[in-house]
């Protein structure tokens, strides 16, 4: 089953960092410890009149790191992008 979960993150030139409250007890955290293949989807609506959805899906590998981030020193999933697909982007 695919799950959509709100995620807070930081982009740092080479990596995406995903974190949040109690991330170490989430499914995404447990999944990365078992299988490092990850994907990250960012989507939005450019316009509702006319309807113009757009998205980018990033595929890569994830690992667990501790770093100073937006919530201070914490545990994050570090995502190394390897390829992407997108729709509706100019």
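The values are calculated or read from the model by the stated rules, or taken from the named source; none is laboratory data. Remember, it's a predicted structure, so these values are computed and weren't measured experimentally. Every residue, glycine among them, receives a Cβ derived from its backbone with ideal geometry; neighbour counts consider all protein chains shown.
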>> Consider the range 68-90. How many of its residues are surrounded by 12 or more Cβ atoms within 10 Å (Cβ to Cβ) and within 17 Å of residue 36 (Cα to Cα)?
In response: 8
> For the range 2-20, does any single residue satisfy the condition of being surrounded by 15 or more Cβ atoms within 10 Å (Cβ to Cβ), more than 28 Å from residue 87 (Cα to Cα), at pLDDT below 90 and in contact with a strand residue (DSSP E or B) (Cβ under 9 Å, 6 or more places away or on another chain)?
Replying inline: no
> Does residue 65 satisfy the criteria of being exposed (fewer than 11 other Cβ atoms within 10 Å of the Cβ) and at pLDDT 90 or above?
Replying inline: no
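Only residues that are within 12 Å of the chain's Cα centre (by Cα) and either over 23 Å from residue 84 (Cβ atoms) or surrounded by 14 or more Cβ atoms within 10 Å (Cβ to Cβ) (or both): list them for the range 40-62, please. If you could, list the steps in order and put the result at the bottom.
Kept after step one, since they are within 12 Å of the chain's Cα centre (by Cα), are these residues of the range 40-62: 40-43, 56-62.
If the condition is that a residue be within 12 Å of the chain's Cα centre (by Cα) and either over 23 Å from residue 84 (Cβ atoms) or surrounded by 14 or more Cβ atoms within 10 Å (Cβ to Cβ) (or both), then 40, 56, 57, 58, 59, 60, 61, 62 are the ones that fit.
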> Has the range 31-42 got at least one residue that is at pLDDT below 90, on the phi > 0 side of the Ramachandran plot and touching a strand residue (DSSP E or B) at 6+ places or on another chain (Cβ under 9 Å)?
Replying inline: no
